[in-house]
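So the structure is just underneath, and the comments pick up after that.
The values are calculated or read from the model by the stated rules, or taken from the named source; none is laboratory data. As the structure is a prediction and not an experimental result, all values here were calculated from the model. Positions of Cβ are backbone-derived with ideal geometry, glycine not excepted, and every protein chain shown enters the neighbour counts.
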Amino acid sequence: MINEINIHQEREWKKIVQQSLQFDSYHTWEYHNLTKDGIPILLVYYEKNDFIAIPLLKRSIPNTDFYDITSVYGYTGPISNKLFIDIPESIKDNFKNELLQFFKDNQIISVFLRLNPFLNQMPLMNSFQGLHDNGNGVVINLEQSLEEQRSKYESSLLKQVRKVKSMGFYIQESKNPKAIKEFSEIYTENMKRVGASKYYMFTEEYFKSFLSSMDFHSKLIMVYHEEQAVCGAIILFTKTIIQSHLTATKTAYLKYSPAKFLTDEISQIGRELGTKYFNLGGGLGFKKDSLFDFKSSFSDIYYDYKTWRFISDPENYLKLLLDANIDPDNSVDFFPLYRCPESMLHEMDLVFNKS
């Protein structure tokens, strides 16, 4: 049987995470408590002395009695008190059956789950229908020497990093109100510049709450030039992984590429923290775009990033599409399709009409 832990059961949620053999910052109670995108729940399956758990966000589907499930921004997926490769097949099968039954009993139409590429969740998830290849992310191996790491940089990258440093740019770690305000302003300007959706817009108060969390470890690293804040990053770290969570650069300083200097500096911070990997992530939507090119200039180590896109109630999923006048065969990369913004659907129509 699946046990549902809600966000008000802080102690129970934290206990499960702490008892897990491996987990990431994105699994924690406080990270979920900060989200506004749905109702956080932690589903836990127990069998004898073992458990498998998944943190999720439950959302009501407007104008219906149905729900769907998504996950927080970041890398989540299942956690357990064992390595997934060591869990007996019988327990995996029982977990799968109980989870699917939970979806049916709770009128869940669809599930969108971001998986964690560093926790080897595939031995559990491979039996589920709906696994989706999203593309590649980039990671720096921090177990190699700094010299070896830098030898793999794109030819002009290290030269650019050193040039920025020689111009007097420097980093500073701080969580004081002034630094948070500076980062918030730069981040908001950055998001407006790239035309980001509301999903990626965060307030100064959000950053204050985020950086004061005791449930996961974070740092705010700012880049300054002549005492002017020009770039910044919020990083998350666990025992083995340091994550580049959010990064932003002031428009007027883009020509200097301070984010390259910052990335190189954060890799050194990761070593000081004893982490093994520095996850840079992928391009926008994990596409091979200019953002991906920037990240891949630091490392030739790529990982496969997967999501679980599962339709648990095909009949009502189709009805939701038809009610929204959406072609079920539309090829836009968005799930669930009935939540796809009209602007994205319109863009796809324009592409097909031109071809």
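Which residues, taken from the stretch 260-285, are basic (Lys, Arg) and surrounded by 19 or more Cβ atoms within 10 Å (Cβ to Cβ)? Show your work before the answer.
Our first condition is that a residue be basic (Lys, Arg); within the stretch 260-285, this holds for 260, 271, 276.
Once the filter is applied, which keeps residues that are basic (Lys, Arg) and surrounded by 19 or more Cβ atoms within 10 Å (Cβ to Cβ), the stretch 260-285 yields only Lys260.
Does Tyr317 satisfy being in a helix (DSSP H, G or I) and either in contact (Cβ under 8 Å) with a residue 60 or more places away in the chain or closer than 19 Å to Met125 by Cβ (or both)? First the steps, then the outcome.
Numbers: in a helix (DSSP H, G or I): yes; either in contact (Cβ under 8 Å) with a residue 60 or more places away in the chain or closer than 19 Å to Met125 by Cβ (or both): yes.
It is true that Tyr317 is in a helix (DSSP H, G or I) and either in contact (Cβ under 8 Å) with a residue 60 or more places away in the chain or closer than 19 Å to Met125 by Cβ (or both).
So, in the stretch 120-136, how many residues would count as being surrounded by 14 or more Cβ atoms within 10 Å (Cβ to Cβ) and closer than 27 Å to Asn81 by Cβ? Result for the stretch 120-136: 8. Here Ser290, Ser257, Ser299 are screened, and the one residue that is surrounded by fewer than 23 Cβ atoms within 10 Å (Cβ to Cβ) and either closer than 13 Å to Leu142 by Cα or outside the structural domain of Gln149 (by TED's automatic domain parsing) (or both) is Ser299. Which residues, taken from the stretch 1-25, are at pLDDT below 95 and of a type in the set (Phe, Trp, Tyr)? The answer is Phe23, and nothing else. Only one of the numbered conditions (1) closer than 23 Å to Thr76 by Cβ; (2) in contact with a Gly (Cβ under 6 Å, 6 or more places away or on another chain) is not met by His245, and that is (2).
Considering the stretch 6-51, and only residues there that are of a type in the set (A, V, I, L, M) and touching a residue at least 60 places away in the same chain (Cβ under 8 Å), the residue that is farthest from Ile242 (Cα to Cα) turns out to be Ile16. Every condition in (1) under 21 Å from the mean Cα position of the chain (by Cα); (2) at pLDDT 95 or above; (3) of a type outside the set (Val, Ile, Thr); (4) assigned to a loop (DSSP other than H, G, I, E, B) holds for Tyr73 except the one numbered (2). The listed residues are Leu124, Leu113, Leu119, and the only one of them that is within 26 Å of His27 (Cβ to Cβ), in the same structural domain as Pro336 (by TED's automatic domain parsing), touching a strand residue (DSSP E or B) at 6+ places or on another chain (Cβ under 8 Å) and assigned to a helix (DSSP H, G or I) turns out to be Leu124.
Taking the stretch 31-49 only, how many residues are crowded, with 22+ Cβ neighbours inside 10 Å and of a type outside the set (A, V, I, L, M, F, W, C)? Matching residues across the stretch 31-49 total 4.
Within the stretch 146-171, residues that are farther than 18 Å from Asn279 by Cα reach partners that are among the β-branched types (Val, Ile, Thr) with beta carbons closer than 8 Å, at six or more positions or on different chains, in the pairs Phe169/Val223; Phe169/Val230; Tyr170/Val223; Ile171/Ile221; Ile171/Val223. Of all the residues in the stretch 207-266, those that are free of Cβ contacts under 8 Å to residues at least 24 places away in the same chain and under 17 Å from the mean Cα position of the chain (by Cα) number 1.
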